[in-house]
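Input: a single structure, listed below in structure tokens.
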Amino acid sequence: MNSYGDPSSARGRAQHSGPEGDPGPVADDAYRRPGGDSRGNGWSAPEGGTATPGRASVTPRAAGGRATVGGSASVPPRGAAAAGSASVGSATPGRAGRASVPVSPAPGVAAGRAGAGRASVPVSPAPGAPAGRAVVGAAAVGAAPAGRVSVGSASVGGRAAVARASVSPVSGGPGGPGGPGGPNGPGRGGRGAGDPGAARRAKKRKRMNLLIAGVAVFIMLAGVGVVGFTYYSTNVVMPNEMPLPLSTTVYAKDGKTQLAKLGSENRSFVTINQIPLHVQHAVAAAEDRNFYRHSGVDYKGIVRAAWNNVSGGDKQGASTITQQYARNAFENLQDDTYGRKVKEAILASKLNEKYDKPEIMQHYLNVIYFGRGAYGIEAAALTYFNKSAKDLTVGEGAVLAAVIKQPVASDTHRGFDPAVNLPDAKSRWDYVIAGMKKEGWLDAPGQPASPTAYPKVLAPKKGGNGFGVDSPRGNVINYVRQEMDAMGLCSDTGAEGKTSCVDALRDGGYRITTTIDDKLQTAAENTAMQSKKGSELNDQPKNLMAAVVSIDPSKGRVLAYYGGDSGADFDYAGKNTDKNGDLTGGHQPGSSMKVYTLAAAIEAGISVKSHWDPTPYKPEGSKVAIGNAGRTNLKCGKYCTLEESTIQSYNVPFYWVTKELGAAKVVDMARKAGVTTMWGVDPPQAFDLSKKGPTPFDNYTGFGKYPITVFEHANAMATFANDGKYIKAHFVLKVEQQDKDTGKWKVVGSERIKPEQRIPKKVTDEVTGVLKQIPGAGSNNLSLESGRQSAAKTGTWEYDNKDNAHAWTVGYTPQNATAVWVGSRDPSKPAIRLTGGKPIGGATLPGPIWEKFMNTALKGKEEIPLPTVTGEGDVTKGNGKEPPVAPPTIPGLPGGPTCDPLTDPFCPRVGGTPGGNPGGNPGGNPGGNPGGGGGGLLPGLPPERN
């Protein structure tokens, strides 16, 4: 049953009596007015113009609820007082109270604007609850359609303030059109029915307000959405999976001596367990002392920095270590905008959620810049202290931590590099140490002691920190790149789908151990670099340039390589590519090429004891005759053995030997030994000797007209030193790449030694037997310490009939093969002369360089004897002309012996049996009978004339 009149009912309501004291019409239920209308009923005007008293319905609800009941006021007839109504909110159950409602004016009150009274209506409380009151606002009554108002709920123990419901007055009444205070009436002017633009203006204002409110809400919602979306959808790349540009370090064969560092950034990755805890603490003390306490963003620090900036202090950024890491790791966080700062903070928070503090510290210390081109703590430790990060002391760690704030000088501050701004660097260092003490990281139980003095810091290296290839040792990088291609680690030829070897070396973070021997590399530089004091070129003309390559014959490992002062410039020892894409780099080998001609002849069965004519010769079509470097009246006349022609370096015999063999056999011998490329002269086109096809190489090949590289000449000498077994000369021992999860290095490529017996050992033994006679022979003055045997050959190629352009010395022992070249680096000055003006030949400048280097390379090594000449082969193959046999001489006559053979038993005899035996019968005839019996003419007697 309904219990609307029951004050104890939860759905009870208050009724207000009508003007005659009778109750007004009731509703069917609490949410419907009579007749089924669901709206709450106010006072309504019944037929006949009588105002029906209004009522206020109060519906108690559950605590905290809110009920809105509409109220209405009908327009009464002119002159009648209109009652207003108000909708009353619920009073909180549990407390008894009263609801104040407006009532109709007393009879006789003038029509028009009437102030409604209040009526207190009891509201049923919950059992046992203290009473309260719900206050209902008054309704101003007029003669216009009634307004509506929503009434708030009354809280327990308090009052509910109910909004006021205004009812527009009828025309002619007070405040109405024509009435007092209304439009067109006495009193103040107003906007009523007489102002047709009022409604439009009100509607326009309403629309404008709604528009402004909508825009404001949209902006707020959009901001919240962007922040939320960024936070929840930003894909934070795992730091140890992020492709940080890690530099590649190239080491000598000891795995410690650095030859070069390559990359867009000088950085080496280290794990947190390779970074001492005191270094981590120093960085936290310098950059973020709350690092171990905040959640990625230090809000207190932000407020402090903001106040400092506003109050005129030093500008502060308040970025935590986590934020700094995010900024350095993500390229799109490099700009200085508020949007960047918001995203930076979001990423920092996410990073802090995903990773623990040691992980964040590890990745921060691998990306941060320390100045001097060093990125990350490992590169910084090597740059400032020449040690690994794991070996840094407390003081050294504090120096690096102090540098982070500003490692490079600017227009406003000189930075904190000790070499640039020592006073501020020390002040910042003190700040770091003080912070470590304050945090309990120094001078506390279980913690290290404070440093007592500022550490010694290395000065910046001239020309940089060795990063890149701008050094004499940088030339090896071209070969390293080629070998990495052969290992399948990258592509040096632009193969599709493979990483470029240039990119791999720049960003791949490899650790490459080469075959270079640091001691021998230093020796090569000290003897060949013009800028080195004590070098053979130090006081020589500036256009001179030298190149040195040394190889271990038994392994094919390049031990030293000097091709110039910078790996970024022209490599005088190896191949280069010019602006047109053509290969360059070869030098005319001159007489040093005779090693291959000699070997080809021996392999073809020609004995080194064969005889050849060295007489100067002008080939058909040539303008210049081939000579022997201006030497005439040779001891061997026109009958020089191939052995002597090699030792004395006569050119003409090698022209004839090449003609006998064919130039192709000489070229092929050079190829088998290790020369892969040879250049023509006019034009200077490179030819790959492994490919068949026409070439310009003619009989001049046999004595060195056509250029080859120093590197390949040395590789070929190593083949002769290795008994004819060819091993491709190489630079890489192993290539390692770091596992970023464990920090350990794994080998991804290594050397491949594959000996090939390309030349028979008996051939190389015979060649060596000849070449070992050259050191110390003639005027070359080449000799190794302690009389050590070595095989060597000098070479010179002329620029014109007065000057030379290229000079060489090449040679070997079983332990080392080395080639040395000297030429001009200045194309406008191709002639090479010593300071005194003397032309440079193979033994003049390259010889001393070779000798000094070889003595260093072989010091302490076993002295191994070299083979001797056998003379095996055909001795009749040469074109030499045997000199005529001298006629016999008679004692006492001009040209004869001065002694008497009859009285002097030691006086040589002429004719007779002794003269005939060695020569056989033909030799005995001039001396008399074949047997001779030892007879002959008596001395002092004139010969018988016919």
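The values are calculated or read from the model by the stated rules, or taken from the named source; none is laboratory data. Every value quoted in this text rests on a predicted model; they were computed, and no experiment measured them. Note: ideal-geometry Cβ built from the backbone for every residue, glycine included; neighbour counts use all protein chains shown. Protein only, heavy atoms only, side chains kept; ligands, DNA and RNA dropped before computing areas. Shrake-Rupley method; radii C 1.70, N 1.55, O 1.52, S 1.80 Å.
Details
- Selection count where residues are touching a Pro at 6+ places or on another chain (Cβ under 9 Å) and either outside any helix (DSSP H, G or I) or at pLDDT below 95 (or both), scope segment 706-724: 6
- Tally, over segment 488-511, of residues that are buried (at least 16 other Cβ atoms within 10 Å of the Cβ), of a type in the set (A, V, I, L, M) and not in a helix (DSSP H, G or I): 1
- Of the criteria (1) modelled with pLDDT under 80; (2) within 18 Å of His294 (Cα to Cα); (3) open to solvent by 20 Å² or more (accessible area, probe 1.4 Å); (4) in a helix (DSSP H, G or I), which one Gly317 fails: (4)
- In segment 755-767, residue farthest from the chain's Cα centre (by Cα) [restricted to those that are farther than 13 Å from Ala673 by Cβ and either modelled with pLDDT under 95 or not basic (Lys, Arg) (or both)]: Glu766
- Selection count where residues are surrounded by fewer than 19 Cβ atoms within 10 Å (Cβ to Cβ) and more than 22 Å from Gly724 (Cβ to Cβ), scope segment 759-787: 9
- Given (1) touching a residue at least 40 places away in the same chain (Cβ under 8 Å); (2) open to solvent by 20 Å² or more (accessible area, probe 1.4 Å); (3) over 49 Å from the mean Cα position of the chain (by Cα), index of the condition Glu644 fails: (1)
- Residue match in segment 329-341 (condition: open to solvent by less than 30 Å² (accessible area, probe 1.4 Å), more than 25 Å from Gly509 (Cα to Cα), at pLDDT below 80 and assigned to a helix (DSSP H, G or I)): yes
- Just one of the listed residues (Tyr639, Tyr655) is touching a strand residue (DSSP E or B) at 6+ places or on another chain (Cβ under 9 Å) and surrounded by 19 or more Cβ atoms within 10 Å (Cβ to Cβ), and it is Tyr655.
- Matching residues, segment 369-408, being within 16 Å of Asn328 (Cα to Cα), open to solvent by less than 10 Å² (accessible area, probe 1.4 Å) and touching a residue at least 40 places away in the same chain (Cβ under 8 Å): Gly371, Ala374, Gly376, Ile377
- Any chance Pro614 is assigned to a loop (DSSP other than H, G, I, E, B) and open to solvent by less than 80 Å² (accessible area, probe 1.4 Å): yes
- Within segment 700-715, not a single residue is out of contact with any Lys or Arg (no Cβ under 6 Å at 6 or more places or on another chain), of a type outside the set (Val, Ile, Thr) and over 18 Å from Lys594 (Cα atoms).
- Of the residues making up segment 731-753, those that are within 26 Å of Ala716 (Cβ to Cβ), exposed (fewer than 15 other Cβ atoms within 10 Å of the Cβ) and modelled with pLDDT of 95 or more are Ser750, Ile753.
- Search result, residues across segment 536-577 that are open to solvent by less than 10 Å² (accessible area, probe 1.4 Å) and either under 18 Å from Arg833 (Cα atoms) or touching a Cys at 6+ places or on another chain (Cβ under 9 Å) (or both): Leu537, Leu544, Met545, Ala546, Ala547
- Check on Ile302, modelled with pLDDT of 85 or more and surrounded by fewer than 19 Cβ atoms within 10 Å (Cβ to Cβ): no
- Residues of segment 682-692 that are assigned to a loop (DSSP other than H, G, I, E, B) and open to solvent by 60 Å² or more (accessible area, probe 1.4 Å): Asp682, Pro683, Pro684, Gln685, Ser690, Lys691, Lys692.
- When His587 is tested against (1) open to solvent by 10 Å² or more (accessible area, probe 1.4 Å); (2) over 23 Å from Ser828 (Cβ atoms), just one condition goes unmet, and that condition is (2).
- Residue match in segment 417-435 (condition: farther than 30 Å from Ala729 by Cβ, crowded, with 18+ Cβ neighbours inside 10 Å, at pLDDT 95 or above and of a type in the set (Lys, Arg)): yes
- Whenever a residue of segment 737-749 is in contact (Cβ under 8 Å) with a residue 12 or more places away in the chain, its partners that are surrounded by 15 or more Cβ atoms within 10 Å (Cβ to Cβ) and among the basic types (Lys, Arg), lying with C-beta atoms within less than 8 angstrom and at least six residues away or across chains, give the pairs Gln737/Arg511; Gln738/Arg511; Trp745/Arg511; Val747/Lys734; Gly749/Lys734.
- Taking the criterion of being farther than 27 Å from Asn576 by Cβ and in contact (Cβ under 8 Å) with a residue 60 or more places away in the chain, the residues of segment 654-687 that qualify are Phe654, Trp656, Val657, Thr658, Glu660, Leu661, Lys665.
- Filtered residue count, segment 445-477, keeping only those that are at pLDDT below 85 and either among the polar types (S, T, N, Q) or not in a loop (DSSP other than H, G, I, E, B) (or both): 3
- Test: residue in segment 458-475 that is over 30 Å from Leu277 (Cα atoms), of a type outside the set (Lys, Arg), free of Cβ contacts under 8 Å to residues at least 40 places away in the same chain and open to solvent by 40 Å² or more (accessible area, probe 1.4 Å): yes
- In segment 553-572 there is at least one residue matching the filter, namely being under 24 Å from Ala843 (Cβ atoms) and more than 32 Å from the chain's Cα centre (by Cα).
- Among the residues of segment 609-625, the ones that are over 26 Å from Thr870 (Cα atoms) and either touching a Lys or Arg at 6+ places or on another chain (Cβ under 6 Å) or of a type in the set (Ser, Thr, Tyr) (or both) come to 4 in all.
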